[in-house]
Amino acid sequence: MGSRILITGGAGFIGSHTCLVLLDAGHELVVLDNFDNSNPEALKRVEELAGRGALSVVEGDVRQSDVLDQAFRCKGPIDGVIHFAGLKAVGESVADPLRYWDVNLNGSRVLAAAMEQHGCRTLVFSSTSTVYGEPDQFPLTEELTTAPVHPYAQTKLAVEQMLQALCRSGAWRVACLRYFNPVGAHPSGRIGEDPLGIPNNLFPFMTQVAAGRRERLQIFGNDYPTHDGTGIRDYIHVMDLAEAHTVTLDHLLKQPAPSILTLNIGTGTGLSVLDVVNGFEAATGLTIPYDLVERRPGDVPRLQACPERAKTVLGWTARRSLEEMCRDGWAWQQANPMGYRKPA
Ligand code: NAD
Ligand code: UDP
């Protein structure tokens, strides 16, 4: 028997892929999203790929308790919540910190209060590898001191701390998943990442250059202390990340409360920007024109997970290669040059 799961932010990049994996695993879903950074078309395509319509949508803001009441009531008792709804752009968080504290922290607080009220205390929370700040010990284990250096990461760490306090206060079961760099798309090319405007992130920028939508990639910094001078990250296929959520939820639902888990979700492999560009060219046969430019303010030289705890606790490991990340991300970009919007 499947569970009934509430997914906040389920129409977004990671949320839509996770919804599909959860539907395929037999769960029933309620998605709450205000479509601030997503498109309802993503959810239509998720149902189409799953071949079943076990997904109800509540359009609204996670900071509004009446919207949450509607979500908790729309299908019957909710067994667990996956909380993706939030903001994620580092630069924007520096320019407008109050918005980040409001959506990310206050949104999570209002959600947790609604969960208490509706008797649902099982939660998977989207955290980030940026809570480690600018570390100098690798790979990163969950015990390392957190030292977030921008409001985005600070809000995520504050939510982790609020959830830890909840677990100390009552019968909660919580997992904070610290994602590394999710990329790629579902292999069908029907769902994928659809950033509004100029992409901030390497992968969507690179695929848009490949598609001719942008002229050249700027590589930010080639004087970092790494093997080729460009920044190192731990890129993970979004389908591996989506699968980590079902496994985490199944695990939590079997745990006695209270229970708190903090897990890195990455591959354990660090790749430089040039490794990614070369990998993309090898996987697709395309050429990515690029310029080496100044470092981007706020970037750290290296982030790379130790994924051992997730393997030990959940039996989960990332399985997909850089080649699959590139192939699937490119298939999505090619089939949907304007994302979910119709080409003009
Ligand atoms: P996304 O922007 O594609 O998805 C977020 C979803 O939340 C969107 O559908 C958006 O419309 C919705 N949303 C935003 N504010 C809302 C609000 N107030 N009420 C209701 N819905 C709201 O982002 P994503 O890449 O899928 O990320 C999902 C989560 O994972 C975010 O919390 C993000 O901070 C976190 N995360 C992402 C990354 C990454 O690189 N993509 C890395 C680490 C952590
Ligand atoms: N990057 C780049 N050009 C871009 C976007 C990103 O060189 O147009 C680099 C960036 O400096 C970092 C890596 O690619 O070293 C990953 O950046 P991204 O924004 O994708 O993820 P994050 O900064 O969140 O790790």
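The values are calculated or read from the model by the stated rules, or taken from the named source; none is laboratory data. Just so you know, these numbers come straight off a predicted model, no measurement behind them. Note that we place each Cβ from the backbone using ideal geometry, even for glycine, and neighbour counts take in every protein chain shown. Side chains are part of the model used for accessible areas, which takes the heavy atoms of the whole protein and leaves out ligands, DNA and RNA. Shrake-Rupley method; radii C 1.70, N 1.55, O 1.52, S 1.80 Å.
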>> Please give me the summed charge of the neighbours of ALA318: other residues whose Cβ is under 11 Å from its Cβ, Lys and Arg +1, Asp and Glu -1.
In response: -1
> Evaluated at 37 °C with a viscosity of 0.692 mPa s, what Stokes-Einstein diffusion coefficient in µm²/s does the range 305-344 have when Rh comes from the Kirkwood expression over alpha-carbon pairs?
Replying inline: 258
> When only alpha-carbon atoms count, how far does the range 1-149 stretch along each of its three principal axes, as whole angstroms with the largest first?
Replying inline: 47, 32, 29
> For the chain, which whole-number percentage of the solvent-accessible area (1.4 Å probe, protein heavy atoms only) is attributable to carbon and sulfur atoms?
Replying inline: 48
> Per residue, how much space in cubic angstrom lies within the convex hull of the C-alpha atoms of the range 190-297?
Replying inline: 163
> Once Lys and Arg get +1 and Asp and Glu get -1 on their Cβ, which of LEU43, ASN181, SER126 lies farthest toward the positive end of the dipole of the chain?
Replying inline: LEU43
>> Return the equivalent ellipsoid semi-axes of the chain as a descending list in whole Å, where each equals the square root of 5 times an eigenvalue of the C-alpha gyration tensor.
In response: 31, 23, 19
>> Could you tell me which residue out of SER321, VAL293, ALA310 lies farthest along the dipole of the range 291-344 toward its positive end? Charges go on the beta carbon: Lys and Arg +1, Asp and Glu -1, centred on the Cα centre.
In response: ALA310
> Hey, what's the chain come to in accessible area per residue, 1.4 Å probe, Å²?
Replying inline: 42
> At what distance in nm do the modelled label points of ALA282 and ASP66 sit from each other, each positioned 7 Å from its Cα along Cα→Cβ?
Replying inline: 5.6
> Under a 5 Å amide H to amide H cut-off, with H placed in plane at 1.01 Å, what residues pair with VAL30 once short-range neighbours are removed?
Replying inline: ILE5, LEU6, ILE7, SER56
> For the chain, what is the relative contact order in percent, using Cα pairs closer than 8 Å and at least 6 residues apart in sequence?
Replying inline: 19
> Under 5 Å between amide H atoms, partner at least 5 residues away or on a different chain: which partners does TYR290 have, H built in plane at 1.01 Å?
Replying inline: LEU217
> Once phi is turned into θ = phi - 60°, what whole-Hz ³J(HN,Hα) does the Karplus curve with 6.51, -1.76 and 1.60 give for every residue of the range 125-131, x standing for Gly and Pro?
Replying inline: 10, 7, 9, 9, 5, 5, 5
>> Give me the percent relative contact order of the range 193-344, please, defined on Cα pairs under 8 angstrom at least 6 residues apart.
In response: 35
> What is the magnitude of the charge dipole of the chain about its Cα centre, with +1 placed on the Cβ of each Lys and Arg, -1 on the Cβ of each Asp and Glu, and no other charges, expressed in debye to the nearest 20?
Replying inline: 580
> Taking amide H positions as placed 1.01 Å from N in the peptide plane, with prolines and chain starts having none, which residues 5 or more places from ARG302, or on another chain, fall under 5 Å of its amide H?
Replying inline: ILE232
